[in-house]
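Worksheet for the structure shown next.
Taken together, the values in this text are just the output of simple stated rules run on the coordinates, not laboratory data. Being a predicted model, the structure only gives us computed values, none of them experimental. Every residue, glycine among them, receives a Cβ derived from its backbone with ideal geometry; neighbour counts consider all protein chains shown.
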């Protein structure tokens, strides 16, 4: 009974929490653009989607429409691909698609997601005294290096292996974004 009551209460609150009254034809068109260009293959909304690129749930609260418009027209003007290693493609969106996509993302940013997804908590050290030693402080038997300090060869480096896979044999779904 408690679960049923909570379910009914949740459904009662959906219109207010989702900001449903603000869904316009432009917002709906923006959702269609989001799906048409498979933005979810790289980005997340509400913590759902791929984790290759940033979560865009609150992007319009962080960046205004002029910035987003310019970025979506030509992402390469905003970063150096060699330095930042991001591969946001120029999707060649037209002005109407860009405006609709921004309207959709603005609507998304106003949904009361009650703090979801939570920001990751970055923890350093440990709760066990003496276990949070730096590599330089660790005493390893036989003078060997601890595993984290061993150099990784190009053949074993997971970043190099992933990049090689992405750049050479990736399927269009992966390399398209």
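When 116, 107 are ordered from fewest to most other Cβ atoms inside 10 Å of their Cβ, what list results? Don't skip to the end; give the middle numbers.
Numbers: 116 9, 107 21.
Result, fewest neighbours first: 116, 107.
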With 10 angstrom as the radius, rank 1, 88 by how many other C-beta atoms surround their C-beta, starting from the fewest.
1, 88
Residue order, fewest to most beta carbons within 10 Å, for 28, 57, 7
7, 28, 57
The value for the stretch 2-109 (convex hull of the alpha-carbon atoms, volume per residue, Å³) is 120
